[in-house]
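The values are calculated or read from the model by the stated rules, or taken from the named source; none is laboratory data. As the structure is a computational prediction, the values presented were derived from the model and not from experiment. Here the Cβ is made from the backbone with ideal geometry for all residues, glycine too, and neighbour counts use every protein chain on show.
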């Protein structure tokens, strides 16, 4: 039994008590030290801190004051961190580097505030990329933002939340989808195809959001299947819920491709990627969607690990175990315990990404959760 426990991936939890986020900022250094994340880079090396800076009106992204603590900790170890992400497929506030950096600055991610510059990894328009050949189940080549392969190491800083295509988004999505160039994002979304329901109110919001002008609006919206790239963003922005994904195998394939991208970049950055997930403001939808619904649970805390599958499995379990937040849009069944993500997105099996990650040996679903003791936190604070 002891040997079996020793083989478990370690996930370290900095639990949030009484909603006091100041405690997170005070104890992040301790979490980073305990988790062993310092092993991903040595003095003088560059660290790509993979962020999601939030869409223009988003509030769920990881806050700059927490990122500042992470950056300072990395710098004290002699490394040279920079904040980074890749441009989006859809026509939001992060579709090219000019708007992307402006959005990051508007959300407080300035050099003076966080202590590190923002560098968009795939260039001005998302075409500065590098390819990795690897052996996956569905893919044999993956396209990434060029700077992710030039940096010495990568630290994923993700906001754990629900997601309309993958059930939830955490470390696997932040690296697998978030590090991909526009080519890579297109490849991962290629099996998802939306359709318009009769309840469409012809408001026209979806049309300008579409990155390939595949939507026209008359008496109702019409999607051109030949032009559609399957990014699914029209589903997110529709205020009437009138655009939906054809739920066949598409979301399973989407998740599997996403995880295969994690396998690809892990193959060339072996031992050089660390993961931090913030289980705060756990919203039903991704941070690409500016308008938010209420969080589904009270803030849980922050977790860190060197295993992307284990950290996401731990977050998944912690959210499902957590009390439902006031006003959360969950059924009474799941208020008493159950899979909150399946309740939010009943047509998506979120465990596909976890199972596929384990199958590809990206990580393990078998983890040991190690909570940072209050006594240690008191001395650190």
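In segment 62-81, how many residues are in a strand (DSSP E or B) and crowded, with 18+ Cβ neighbours inside 10 Å?
Looking only at that region, the number is 1.
Would you mention how many residues in segment 229-271 are at pLDDT 80 or above, assigned to a loop (DSSP other than H, G, I, E, B) and touching a strand residue (DSSP E or B) at 6+ places or on another chain (Cβ under 7 Å)?
The number of residues fulfilling the criteria is 2.
Just give me the residues in segment 312-342 being surrounded by fewer than 19 Cβ atoms within 10 Å (Cβ to Cβ) and in a helix (DSSP H, G or I), in sequence order.
317, 320, 321, 332, 333, 334, 335, 342
For residue 35, work out the one condition from (1) farther than 28 Å from residue 288 by Cα; (2) without any contact (Cβ under 8 Å) to a residue 60 or more places away in the chain it doesn't fulfil.
Failed condition: (2).
What's the total number of residues in segment 356-368 that are surrounded by fewer than 18 Cβ atoms within 10 Å (Cβ to Cβ) and over 20 Å from residue 272 (Cα atoms)?
Number of matching residues: 3.
Considering only segment 137-163, state which residues are part of a loop (DSSP other than H, G, I, E, B) and either at positive phi or touching a strand residue (DSSP E or B) at 6+ places or on another chain (Cβ under 8 Å) (or both).
Once the filter is applied, which keeps residues that are part of a loop (DSSP other than H, G, I, E, B) and either at positive phi or touching a strand residue (DSSP E or B) at 6+ places or on another chain (Cβ under 8 Å) (or both), segment 137-163 yields 140, 151, 152, 160.
Every residue in segment 213-227 that is surrounded by 13 or more Cβ atoms within 10 Å (Cβ to Cβ) and either in a helix (DSSP H, G or I) or out of contact with any helix residue (DSSP H, G or I) (no Cβ under 9 Å at 6 or more places or on another chain) (or both), please.
Hits for segment 213-227 are 220, 222.
Here are the criteria: (1) in contact with a helix residue (DSSP H, G or I) (Cβ under 8 Å, 6 or more places away or on another chain); (2) more than 24 Å from residue 367 (Cα to Cα). Tell me which single one residue 43 does not satisfy.
Here residue 43 meets the rest and fails (1).
Just the residues that are touching a helix residue (DSSP H, G or I) at 6+ places or on another chain (Cβ under 8 Å), outside any loop (DSSP other than H, G, I, E, B) and more than 18 Å from residue 157 (Cβ to Cβ), please, taken from segment 82-129.
Across segment 82-129, the qualifying residue is only 129.
Under the condition of being part of a strand (DSSP E or B) and modelled with pLDDT of 90 or more, which residue from segment 168-207 is farthest from residue 364 (Cα to Cα)?
Among residues in segment 168-207 that are part of a strand (DSSP E or B) and modelled with pLDDT of 90 or more, the one farthest from residue 364 (Cα to Cα) is 196.
Would you be able to say whether some residue in segment 282-297 is modelled with pLDDT of 95 or more and farther than 17 Å from residue 145 by Cβ?
Looking for residues that are modelled with pLDDT of 95 or more and farther than 17 Å from residue 145 by Cβ, one finds none in segment 282-297, hence no.
Go through the residues of segment 296-317 one by one and say whether even a single one is in the same structural domain as residue 365 (by TED's automatic domain parsing), closer than 30 Å to residue 238 by Cβ and without any contact (Cβ under 8 Å) to a residue 40 or more places away in the chain.
No, that holds for no residue.
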